[in-house]
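The values are calculated or read from the model by the stated rules, or taken from the named source; none is laboratory data. Note that the coordinates shown come from a computational prediction; the quantities given were computed from them, not determined experimentally. Counting neighbours? That spans all protein chains shown, and the Cβs are built from the backbone with ideal geometry, glycine included. Ligands, DNA and RNA are stripped out before the accessible areas are found, and what is left, the full protein with its side chains, is counted by its heavy atoms. Shrake-Rupley method; radii C 1.70, N 1.55, O 1.52, S 1.80 Å.
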Amino acid sequence: RKMRAACECAQALGAQPRVTEHYCKLQMRAYAAIFQLKDDVSQLENVSRRYAWLRRILRNYAESHAEVFPDSWRVAEHLSRRFAEATRDQLGELMATHDTVSAEGLTAALADTLAFEAQCNKKFGIVVAKEQSGGGTGPSHVYESSGEPAASFMGAVSCAFEPYMSIFIRGEQTKFETLVARFQAAPIAVDDDPSLSVLASSTDLLYQFRESLRQCASLSTGQAMLDLAHVFSYSMSSYARDVLIHKLPQSSGSSQQLEDLKHVCLIVNTADYCASVVAQLEIKIVERIDEVYKPRVSFAACRDALLGVINKSIRVLVAGVEGLCEPAFAALSQVPWQTLQTVGDQSAYVSLVSSA
């Protein structure tokens, strides 16, 4: 009771900020002592231990100190903000001085951080305004449940990760390059599934695109998502060039030509399917990305590459049909029409065209 009364006196004297700041500094001394930059516990893969530490401190505050401070002081929230500032600075320094940050470690730590920030918003009654778009890692202005302006915890720590999201993007690019190389080496096997209308590799690639977009949207809707869109466009262009065009038959008139034409039809369908899904993917990215980046999202290059595949495939298809019908046309040209006296049921060249 004496401590509570002292706090009320401090508030009357206008010393509330100094008392709150002093209490937060005392608590954060232990944090600085435990999580020193070079210790294993401070490394990126152990970021969840930092948030577990704050949860223990807040639990101790609620059990032992909450009755000392007036509720209007929001001491627990102030302590959480001091923790977020210290953690942001230390994680930024940690990533800046380490060259071995992996994409997996980065995304796992960022996911834990975003979850922590969302929990803080919920705990302290901070709600995002309706016009605020979610998913970004930058600070945003929101409102408390009471309607008073307040700063969101979203971005308080996670903004430290934004300069290093290129690590995640490079990891995704490497993954797509590996997929395209694997698809290029694999043969087309139409007979394995007669109902197949597109190459299975296209559905696999587009599935990976969607999964990467989902993961990126949960981490950042800023520059990282724009970079990922560029990676999508480049990877689909590579798929069109190195897989679809690469698998078009190069010869004509062989015994395998009819089977080759089946492959060409499959490639046409695949390119058309990819162009359709890419257009949908572009719309989805524009919907999710931050407003400033929307005009820079474009999949025009990969759509042009896919349309180029369709055009070339159709030319190969026409040439292939002409090659199959060539014996019949040759037989037709050799018929002595000027000496023909009778008309039969069906000419030999008609049978040749039908069999082609």
_Within the range 61-71, does at least one residue satisfy the condition of being outside any loop (DSSP other than H, G, I, E, B) and either touching a strand residue (DSSP E or B) at 6+ places or on another chain (Cβ under 9 Å) or touching a residue at least 60 places away in the same chain (Cβ under 8 Å) (or both)?_
no
*What number goes with the only condition from (1) without any contact (Cβ under 8 Å) to a residue 40 or more places away in the chain; (2) more than 21 Å from Cys216 (Cα to Cα) that Lys262 does not pass?*
(1)
*Would you tally the residues in the range 263-280 being buried (at least 22 other Cβ atoms within 10 Å of the Cβ) and either of a type in the set (D, E, K, R) or closer than 20 Å to His230 by Cβ (or both)?*
1
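Tell me the residue from Leu91, Leu79 that is over 30 Å from Ala6 (Cβ atoms), assigned to a helix (DSSP H, G or I) and modelled with pLDDT of 90 or more, please. Please lay out each step first, then the result.
Values: Leu79 fails: over 30 Å from Ala6 (Cβ atoms).
Exactly one of Leu91, Leu79 is over 30 Å from Ala6 (Cβ atoms), assigned to a helix (DSSP H, G or I) and modelled with pLDDT of 90 or more, namely Leu91.
Please verify whether the range 103-112 includes one or more residues that are over 19 Å from Ala217 (Cβ atoms), open to solvent by less than 20 Å² (accessible area, probe 1.4 Å), modelled with pLDDT of 85 or more and part of a helix (DSSP H, G or I). Quick ask: steps written out before the conclusion?
Here is the first cut: in the range 103-112, the residues over 19 Å from Ala217 (Cβ atoms) are 105.
Add one more test, that the residue is open to solvent by less than 20 Å² (accessible area, probe 1.4 Å), and what stays is none.
The answer is no, given that none of the residues of the range 103-112 is over 19 Å from Ala217 (Cβ atoms), open to solvent by less than 20 Å² (accessible area, probe 1.4 Å), modelled with pLDDT of 85 or more and part of a helix (DSSP H, G or I).
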*Of (1) among the β-branched types (Val, Ile, Thr); (2) at pLDDT below 85; (3) touching a Ser or Thr at 6+ places or on another chain (Cβ under 8 Å), Val318 satisfies all except one. Which?*
(3)
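Looking at the range 238-245, is at least one residue at pLDDT below 90 and either of a type in the set (A, V, I, L, M, F, W, C) or surrounded by 20 or more Cβ atoms within 10 Å (Cβ to Cβ) (or both)?
Scanning the range 238-245, I find no residue that is at pLDDT below 90 and either of a type in the set (A, V, I, L, M, F, W, C) or surrounded by 20 or more Cβ atoms within 10 Å (Cβ to Cβ) (or both), so the answer is no.
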*How many residues are under 27 Å from Ala103 (Cα atoms), modelled with pLDDT of 90 or more and part of a helix (DSSP H, G or I) if we restrict to the range 33-45?*
1
*Scan of the range 126-175 for residues that are in contact with a Cys (Cβ under 6 Å, 6 or more places away or on another chain), at pLDDT 65 or above and among the polar types (S, T, N, Q), ordered by number*: none
